[in-house]
Amino acid sequence: MLQRVAVVGAGAAGLCAARHILSRPSSFAPPVVFELTGNIGGTWCYDEHVGTYDNGRPVHSSMYRDLRTNLPKEVMMFPDFPFEPELSSFLSHRAVLQYLHRYCQSYDIGPHIRFNTAVERVRVVMTTGEKPRWEVTSSDPSGGVQTETFDSVFVCSGHYSDPHIPDIPGIRSFKGKVLHSHSYRHAEPYAGQAVVVLGAKASGLDISMELARAGAQVTLSHALPRLTFPLPAGIQQASSVVAVEEDGGVRFQDGSVASADVLMFCTGYNFKYPFLDAAELGLVIQDQVVSPLYRFMMPPAFPSLFFIGICKIICPFPNFNCQVQFALAVLDGSVTLPPQAQMEEEVLRDLQEKVERGVKQHHLLKMDQDQWEYCEVLARSAGFPPLPPVVRSLYEEVWRQRQVHPENYRRLNYRLISSTRWELINGSADG
Ligand code: FAD
C-alpha cells in the first residue's frame, strides 16, 4: 500500500518534501501539501502588509524590501537544482521566489498544493498492533473543515514568524515606536530618527545598515563581544538594553542612557506549532526550543512526524534536502531507527553535552559547525549522495567575508568549478 503523507506548508521545506515524495511513486502516494496562504515560497513572499489580515491571520513572512541573501546562490540552492547562471551570487527575495516557482514547476508540485488551507490540528491515532497514523484537520476559506488520515506528517511551517520580544523592565512607558524585525519592511520612515536596534545577528546588522544609509542614527545594542569590523557611519555600538526609564530613555548594561524614537527588536523568533499537541507527542515546545527530537527531526515516540528545517545557523535549502531524504528513507524502511528508549537517550545525551559546554537553552537548536557532519551522517545512513564539499568550503569563506566586510561582502561573485572547488569571479568587498 502506498503511504500517504501530509505536508504542512509550501515554503522551501514543504516544496522540497513534496518533490522527493513525488520522485518515489512506488512507496508514496502523491503528497497533500496544505498551504495557509495563496502562494508558495513562505518567507520569500515579500508582503508590504504587516500585522494581521482581514481574516485575522497574522502575516507570515518577515521579509524586508531590500533584503539580499546572506548566502550566495551557489551554496543556497538545493544541491540538485541550480539557480539560473546569469544571476549574481547574492540575490533579491524576488529572485529566490522565482527560483522556488521554477522548482515547483519542474517537479510538477503545484497540483498537489491546497492553497488558502490552514492545518488546524494534527492528532496521532493509535490502533493496537499498528503503526500510529495521523488525523489532519484543515480549514479552507469558505469555512469548510475536514479531517483526513495520513501515515506521516512533515511539519514545514517555518519558524520565522512569531516575534520573540524579551521582557525589558519599563518598556511599557516607552513613548516612541516599538517594533520587531518581523514587521520591518524598509528604512525610509526612520530617516532622521534615533533608532535603538536590539540584537546584532543577521537581521540586526542588515537592518542597522539599511537604517543608517537612510539617515537614521542607529545604536546597535547587543550582548556579543564588541564588534571589531568597521561599521558604517551612523551606527554606534552599545551593550544590552537593561531598562526603559520613566522619562522614556533607554538604559544600557554599562550604565549609559540614550534617548530613542524607535526600539527595533531583532531578537529572533519563537517556535510555534498551534496545530500540534506537544504533550501528546512527548515534546516540550517552548519559545526557543522543541525537544526531544531525534536527528533534530522526529519525536522518538512518533517517528513518522518530521519537523523539517527546525535548526538554526544552517545552510537551509541543502539541509532540508538531506532531512527530507532521510525522513523518506525512515518511512520506506531503508533506514532502521533504534528503539524509542535509545533515541531518547541519545537526544538527552546530546543536549546534556551541549549544556555542559555552556550552550544556552535558547541556542540548543543552533547547528553551525555541526551541520556538515549532521548532513553527512544522514546521507550515509540513508544512502543518498552527501553534500558536495564545495558547499561547506564556500559557505565558510562567505562567513569569513561577512565578519570582515558586513556591508560589502555581497558584491562578490563566485562560481563553482567542481564538487570541491569554487572561484571568485568578480567583485571586491574592500569598501
Ligand atoms: P517558510 O518559508 O516560513 O514557509 C512555511 C510555510 O508554511 C508558509 O508558506 C506558511 O504560510 C505555511 N504555514 C504555516 N503554518 C501553516 C498551517 N498551519 N497550515 C498550512 N500552512 C502553514 N535562508 C537562506 O538560505 N538565505 C538567506 O539569505 C536567508 N535570509 C533570510 C532572511 C529573513 C528575513 C528570514 C526570516 C529568513 C531567511 N532565511 C534565509 C531563512 C529562510 O527562512 C529559509 O531559507 C527558508 O525559506 C525557510 O523555509 P520553510 O519552508 O522552512 O519556512
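The values are calculated or read from the model by the stated rules, or taken from the named source; none is laboratory data. Treat the numbers as computed from the prediction; the structure is a model and nothing was measured. FYI the Cβ positions are ideal-geometry reconstructions off the backbone, even for glycines, and counts take in every protein chain you see.
In table form, for the structure just shown:
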| quantity | calculated |
| --- | --- |
| Total residues in the range 181-210, condition among the aliphatic types (A, V, I, L, M), over 16 Å from Arg68 (Cβ atoms) and in contact with a helix residue (DSSP H, G or I) (Cβ under 6 Å, 6 or more places away or on another chain) | 2 |
| Candidate set: the range 295-310, residues that are more than 19 Å from the chain's Cα centre (by Cα) and not aliphatic (A, V, I, L, M); chosen: the one farthest from Pro31 (Cα to Cα) | Pro300 |
| Matching strands (runs of 3 or more DSSP E) fully within the range 179-282 where at least 3 residues are touching a Pro at 6+ places or on another chain (Cβ under 9 Å) and in the same structural domain as Arg410 (by TED's automatic domain parsing) | none |
| Residue list for the range 358-401, restricted to those being out of contact with any Cys (no Cβ under 8 Å at 6 or more places or on another chain) and of a type in the set (S, T, N, Q) | Gln361, Gln369, Ser381, Ser393, Gln401 |
| Subset of the range 34-73 that is assigned to a loop (DSSP other than H, G, I, E, B) and on the phi > 0 side of the Ramachandran plot - its residue that is nearest to the ligand (Cβ to nearest atom) | Gly41 |
| Given (1) of a type in the set (S, T, N, Q); (2) within 11 Å of the ligand (Cβ to nearest atom); (3) over 28 Å from Gln401 (Cα atoms), number of the condition Ser106 does not satisfy | (2) |
| Unique residue being within 16 Å of the ligand (Cβ to nearest atom) and either of a type in the set (Phe, Trp, Tyr) or modelled with pLDDT under 95 (or both) when the list is Gly129, Gly143 | Gly143 |
| Sole residue being at pLDDT 95 or above, surrounded by fewer than 16 Cβ atoms within 10 Å (Cβ to Cβ) and more than 15 Å from the ligand (Cβ to nearest atom), chosen from Val257, Val262, Val242, Val284 | Val242 |
| Residues being farther than 26 Å from Asp206 by Cα and hydroxyl-bearing (Ser, Thr, Tyr) - total across the range 373-431 | 5 |
| Thr128 vs. criteria assigned to a strand (DSSP E or B) and either of a type in the set (D, E, K, R) or surrounded by fewer than 20 Cβ atoms within 10 Å (Cβ to Cβ) (or both) | no |
| Residue match in the range 82-95 (condition: assigned to a helix (DSSP H, G or I), more than 10 Å from the ligand (Cβ to nearest atom) and at pLDDT 95 or above) | yes |
| Unmet requirement for Ile313, which otherwise passes all of (1) over 30 Å from Pro389 (Cα atoms); (2) free of Cβ contacts under 8 Å to residues at least 60 places away in the same chain; (3) under 17 Å from the mean Cα position of the chain (by Cα) | (1) |
| Meets criteria (in the same structural domain as Gly9 (by TED's automatic domain parsing), in contact with a helix residue (DSSP H, G or I) (Cβ under 7 Å, 6 or more places away or on another chain) and at pLDDT 95 or above) for Ser61 | yes |
| Residue that is surrounded by 15 or more Cβ atoms within 10 Å (Cβ to Cβ) and under 30 Å from Gln286 (Cβ atoms), where the choices are Leu224, Leu198, Leu231 | Leu198 |
| Residues that are more than 16 Å from the ligand (Cβ to nearest atom), assigned to a loop (DSSP other than H, G, I, E, B) and touching a residue at least 60 places away in the same chain (Cβ under 8 Å), drawn from the range 156-178 | Pro166, Ile168, Pro169, Gly170, Phe174, Lys175, Gly176 |
| Positions within the range 110-148 being over 12 Å from Val32 (Cβ atoms) and of a type in the set (S, T, N, Q), in sequence order | Asn116, Thr127, Thr128, Thr137, Ser139, Ser142, Thr147 |
| Only one of Ala29, Ala12 that is away from the ligand (no atom under 11 Å from the Cβ) and surrounded by 14 or more Cβ atoms within 10 Å (Cβ to Cβ) | Ala29 |
| Filtered residues of the range 287-297 (kept if in a strand (DSSP E or B) and away from the ligand (no atom under 16 Å from the Cβ)) | Val289, Ser291, Tyr294 |
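Let's see how each residue does on (1) over 21 Å from the mean Cα position of the chain (by Cα); (2) of a type in the set (Phe, Trp, Tyr); (3) on the phi > 0 side of the Ramachandran plot:
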site	(1), (2), (3)
Phe174	yes, yes, no
Ala187	yes, no, no
Gln193	yes, no, no
Ser203	no, no, no
Ser208	no, no, no
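This table checks each residue for (1) assigned to a loop (DSSP other than H, G, I, E, B); (2) within 16 Å of the ligand (Cβ to nearest atom).
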residue	(1), (2)
Pro303	yes, no
Ile314	yes, yes
Asn321	no, yes
Leu337	yes, no
Met343	no, no
Glu353	no, no
Gly358	yes, no
Asp370	no, no
